[in-house]
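K.L.:
Below you'll find the structure I mean.
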Amino acid sequence: MDALERGALADVVVLPGTTREVAEIVRVCGETRTPIVPRGGGTGFTGGAVPVRGGVVLSLERMHRILEIDEASLVAVVQPNVITGDLQDAVERVGLFYPPDPSSLRRSAIGGNVAECAGGPRAFKYGVTRHYVLGTEAVLPTGEVIRTGGRVVKNVVGYDLTQLLVGSEGTLAILTEITLRLIPKPPHAATLRATFSTIRHAVDAAARIIKARVVPASLELIDRDSLEAVAGHVGIRLAPAETGALLLIEVDGLAEQVAAEADRVESACRAAGAEELLRATTEVERQDLWRVRREISPSLLRIASRKINHDIVVPKGRIPELFDLVAALKVRFKMPIPAFGHVGDGNIHVNFMVDGADPDAVRRAQEAEGELFRGVVALDGAISGEHGIGFTKAKYLNLGVSDDTVALMKRVKYAFDPHGILNPGKIFPD
Ligand SMILES: Cc1cc2nc3c(=O)[nH]c(=O)nc-3n(C[C@H](O)[C@H](O)[C@H](O)COP(=O)(O)OP(=O)(O)OC[C@H]3O[C@@H](n4cnc5c(N)ncnc54)[C@H](O)[C@@H]3O)c2cc1C
């Protein structure tokens, strides 16, 4: 299983240590038409690494070395199962920066991040995993080992197969080596927290920050339900009791720029009606401000035994309508739906909290999920901004993606994997 916690039994688990071994396993599976499911850190939320059709789970956990940090070319070359946080630590030791920061970064691997095109709070300013992948070595389901892209940022030779592999959820090829772009580490950062009486005020503040021409490294919104859950979980309130929504904002760069941007952020929040404004001046204070965000995931399970979480995304300008939709779903389906996330890029985590032992409640959550997805597509958004489709959202693939586009995607899949052995049962509905 992965973080979705809906597992299936593999027939065999293999742990290759080299690209050659991966290719050899794939060749055997091709001859016997055996499904192969690549597995990285196993933290996916959509069942991507789950062997829903049995077969071979190919865990890349033994391929976990950073092969090179090239400071002159601003490039890192890694094996697929380098843990994301370990790579970040290693490059930061030499003054460089690998920005993509999924909250799972201490457990998820670069290969899994590339396969899912993982994002995180820093995506608004720095982009997602896709923006840092320059090249790959990959084993095709037909057994060939290919190289795509390279070490250069500019490369327009033929189709961009590197970017086709990013976000392909382990259905087109098995990544065995990845070349990543690095940037210099911003030397300074400031973290601010602003509380508001309503979501609308918080969203207005986010819009004003952007209007003030500040692009924060993080711009996170947390709603009242999530704050209540955190208070119940940690035993103290991390924000004033009357808070309806909270923004966490981080700006980074050169010291002068950081100070000036933090001032502009404060003004924008005040203009939007901020009730309490805090600015961290030490690392300890900064960690204190971030604590409320880190505590959300473990806290939500206090509300109900099962969390059905979705990572929908809407254009920034439609965020107020998204929260109206969530409020309407709460009333209609009579369940807590805490929502929080990356308001800077419109990617909000919407969580249906239900009693997992109550089939009626689970059915209502599934109905609400369909309504959410249809509403999001009507707002010009997408049903997944981070976690991918896996098997859980396959039946919704057609929402917002035309039949012709899905048919083309299937032809691409067939071109890579004519026998359908690589991660079957994912992305496409049966
Ligand atoms: C607490 C928590 C917080 C999270 N926060 C975020 C977040 O902020 N942002 C975000 O984007 N996601 C988040 N996630 C989801 C998850 O961590 C990401 O999707 C992550 O990228 C998965 O990486 P992994 O190594 O665990 O991959 P796995 O779960 O092992 O696999 C994910 C998919 O990638 C494929 N795959 C893995 N390795 C390879 C490879 N070498 N070659 C080809 N295919 C491969 C698998 O087949 C599967 O389809 C979170 C998860 C948890 C549990």
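The values are calculated or read from the model by the stated rules, or taken from the named source; none is laboratory data. Because the structure is a prediction, the values reported are computed rather than measured. With ideal geometry, Cβ positions are generated from the backbone for all residues, glycine too; neighbour counts draw on all protein chains shown. Side chains are part of the model used for accessible areas, which takes the heavy atoms of the whole protein and leaves out ligands, DNA and RNA. Shrake-Rupley method; radii C 1.70, N 1.55, O 1.52, S 1.80 Å.
K.L.:
Taking the options Arg306, Arg291, name whichever one is within 16 Å of the ligand (Cβ to nearest atom) and over 15 Å from Ala231 (Cα atoms). Break it down stepwise before answering.
P.N.:
On the way: Arg291 fails: over 15 Å from Ala231 (Cα atoms).
Every option except Arg306 fails the conditions.
K.L.:
Name the single residue that is farthest from Val22 (Cα to Cα) among those in the stretch 386-430 being assigned to a loop (DSSP other than H, G, I, E, B), within 16 Å of the ligand (Cβ to nearest atom) and among the small types (Gly, Ala, Ser).
P.N.:
Only one residue tops the list, namely Gly388.
K.L.:
Which strands (runs of 3 or more DSSP E) sit wholly inside the stretch 1-68 and have at least 2 residues that are under 21 Å from Gly167 (Cα atoms)?
P.N.:
Details: elements: 12-14, 36-39, 56-59.
Ranges flagged: 36-39, 56-59.
K.L.:
Now for a different question. One residue is enough: does the stretch 54-61 have a residue meeting the conditions within 17 Å of Pro424 (Cα to Cα) and in contact with a Leu (Cβ under 6 Å, 6 or more places away or on another chain)? First the steps, then the outcome.
P.N.:
First pass over the stretch 54-61, keeping only residues within 17 Å of Pro424 (Cα to Cα): 54-59.
So of that shortlist, the ones also in contact with a Leu (Cβ under 6 Å, 6 or more places away or on another chain) come out as 59.
Yes, the stretch 54-61 has at least one match.
K.L.:
Sticking with this one: Here are the criteria: (1) within 13 Å of Leu192 (Cα to Cα); (2) surrounded by fewer than 22 Cβ atoms within 10 Å (Cβ to Cβ); (3) charged (D, E, K, R). Tell me which single one Glu256 does not satisfy.
P.N.:
(1)
K.L.:
Please determine, by comparing only the residues of the stretch 82-94 that are open to solvent by less than 10 Å² (accessible area, probe 1.4 Å) and of a type in the set (Val, Ile, Thr), which one is nearest to the ligand (Cβ to nearest atom).
P.N.:
Once the filter is applied, the top-ranked residue is Thr84.
K.L.:
So which strands (runs of 3 or more DSSP E) are wholly in the stretch 272-385 and hold at least 2 residues that are within 27 Å of Gly400 (Cα to Cα)?
P.N.:
Details: elements: 276-279, 306-313, 339-342, 347-354.
Hits in the stretch 272-385: 306-313, 339-342, 347-354.
K.L.:
Determine which single condition Asp380 fails, assuming it passes every other condition in (1) more than 28 Å from Leu172 (Cα to Cα); (2) touching a residue at least 60 places away in the same chain (Cβ under 8 Å).
P.N.:
Against the list (1) more than 28 Å from Leu172 (Cα to Cα); (2) touching a residue at least 60 places away in the same chain (Cβ under 8 Å), Asp380 comes up short only on (1).
K.L.:
Could you tell me how many of the residues in the stretch 1-14 are away from the ligand (no atom under 11 Å from the Cβ) and over 19 Å from Ala173 (Cβ atoms)? Outline the logic, then answer.
P.N.:
Within the stretch 1-14, the subset away from the ligand (no atom under 11 Å from the Cβ) is 6-14.
With over 19 Å from Ala173 (Cβ atoms) added as a condition, the list becomes 6-13.
Residues flagged as away from the ligand (no atom under 11 Å from the Cβ) and over 19 Å from Ala173 (Cβ atoms) within the stretch 1-14 amount to 8.
K.L.:
Another question, if that's okay. With respect to the numbered conditions (1) over 23 Å from Arg6 (Cβ atoms); (2) away from the ligand (no atom under 16 Å from the Cβ); (3) open to solvent by 40 Å² or more (accessible area, probe 1.4 Å), which one is the sole condition not fulfilled by Arg364?
P.N.:
If we test Arg364 against (1) over 23 Å from Arg6 (Cβ atoms); (2) away from the ligand (no atom under 16 Å from the Cβ); (3) open to solvent by 40 Å² or more (accessible area, probe 1.4 Å), just (1) comes out false.
K.L.:
Turning to a different aspect of this structure: Is it true that some residue in the stretch 309-327 is away from the ligand (no atom under 13 Å from the Cβ), aromatic (Phe, Trp, Tyr) and more than 13 Å from Thr191 (Cβ to Cβ)?
P.N.:
Scanning the stretch 309-327 turns up at least one residue that is away from the ligand (no atom under 13 Å from the Cβ), aromatic (Phe, Trp, Tyr) and more than 13 Å from Thr191 (Cβ to Cβ).
K.L.:
Inside the stretch 22-81, can you point out the residues that are among the hydroxyl-bearing types (Ser, Thr, Tyr) and either within 23 Å of the chain's Cα centre (by Cα) or within 16 Å of the ligand (Cβ to nearest atom) (or both)?
P.N.:
At the first step, the residues of the stretch 22-81 found to be among the hydroxyl-bearing types (Ser, Thr, Tyr) are 32, 34, 43, 46, 59, 73.
The answer is Thr34, Thr43, Thr46, Ser59.
K.L.:
Take the residues in the stretch 95-134 that are more than 7 Å from the ligand (Cβ to nearest atom) and of a type in the set (Lys, Arg); name whichever of them is most open to solvent (accessible area, probe 1.4 Å).
P.N.:
Taking the candidates together, the pick is Arg106.
K.L.:
If you don't mind, another one. Report whether or not Val56 is surrounded by fewer than 24 Cβ atoms within 10 Å (Cβ to Cβ) and either at pLDDT below 95 or of a type in the set (A, V, I, L, M) (or both).
P.N.:
Values: surrounded by fewer than 24 Cβ atoms within 10 Å (Cβ to Cβ): yes; either at pLDDT below 95 or of a type in the set (A, V, I, L, M) (or both): yes.
Criteria met by Val56.
K.L.:
Here's something else I'd like to know. Can you run down the residue pairs with Cβ atoms below 8 Å, 6 or more apart or on separate chains, where the first is in the stretch 414-429 and surrounded by 20 or more Cβ atoms within 10 Å (Cβ to Cβ) and the partner is basic (Lys, Arg) and in a loop (DSSP other than H, G, I, E, B)?
P.N.:
Close Cβ pairs (under 8 Å, with a partner that is basic (Lys, Arg) and in a loop (DSSP other than H, G, I, E, B)) amount to Ile421/Arg33; Pro424/Arg53; Gly425/Arg53.
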